[in-house]
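K.L.:
Here it is: the structure, laid out below.
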Amino acid sequence: MSVTGLPPYDDSNIFARILRGEIPCKRVAEDDYALAFHDIAPQTPVHVLVIPKGRWVSAADFHAGAEDAAIAGFWRMVSAVAKAQGLEATGYRILSNMGQDGGQEVPHFHVHLFGGRRVGRMVPL
Ligand code: 5GP
């Protein structure tokens, strides 16, 4: 069981398969801790996903269980990708969906990086 009560990590999830190289992705950056790649259905001109390399379902799992270096490495990549994508001057949004109410579709913790245009209200009314 994950710390959130969500189901345990499922090694067949699509991001696990991308990490294993079974499914291709448009890679943006990769290091020992994280992989960044373009979302298959981009919602903004820049829409990059950043995923940790460990088997974490949610932010809660990741932050409770991952080593400090892995957590730091992951978040450093988020910022580095935003900079490399040219988003720092105009800004961007980092978003992570968690569980059912959050609308999480892929049960491997990930962060969306949106930019390239005004991304609108934080939560639709
Ligand atoms: P979630 O709703 O879980 O926060 O977001 C999952 C995201 O993964 C969605 O934006 C969806 O478009 C993206 N996605 C789903 N399957 C694939 C895939 O096979 N490749 C890539 N690059 N993105 C995917």
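Here, each number is a calculation from the coordinates, and none is a lab measurement. Model, not experiment: these values are computed from the prediction. With ideal geometry, Cβ positions are generated from the backbone for all residues, glycine too; neighbour counts draw on all protein chains shown.
K.L.:
Take every Cα-Cα pair in the chain and report what % of them are more than 22 Å apart. Walk me through the intermediate numbers first.
P.N.:
Values: 2570 of 7750 pairs.
Summing the P(r) of the chain above 22 Å gives 33 percent of all pairs.
K.L.:
Compute the relative contact order of region 10-125 as a whole-number percentage, counting only Cα pairs closer than 8 Å that sit 6 or more residues apart in sequence.
P.N.:
On the way: 171 pairs, mean separation 34.9, N = 116.
Worked out over region 10-125, it gives 30 percent.
K.L.:
Go ahead and estimate [θ] at 222 nm for the chain from helices alone: -39,500 (n - 2.57) per DSSP H run with n ≥ 4, summed, over the residue count, rounded to 500. Before the final figure, lay out each step's value.
P.N.:
Details: 4 runs with 34 residues, N = 125.
Helices in the chain give a 222 nm mean residue ellipticity of -7500 deg cm²/dmol.
K.L.:
Note down the magnitude of the dipole of the chain about its Cα centre, charges +1 on Lys and Arg C-beta and -1 on Asp and Glu C-beta and zero elsewhere, to the nearest 20 debye. Can you show the working numbers first?
P.N.:
Working: 12 positive and 13 negative charges, 112 e Å.
Roughly 540 debye, rounded to the nearest 20.
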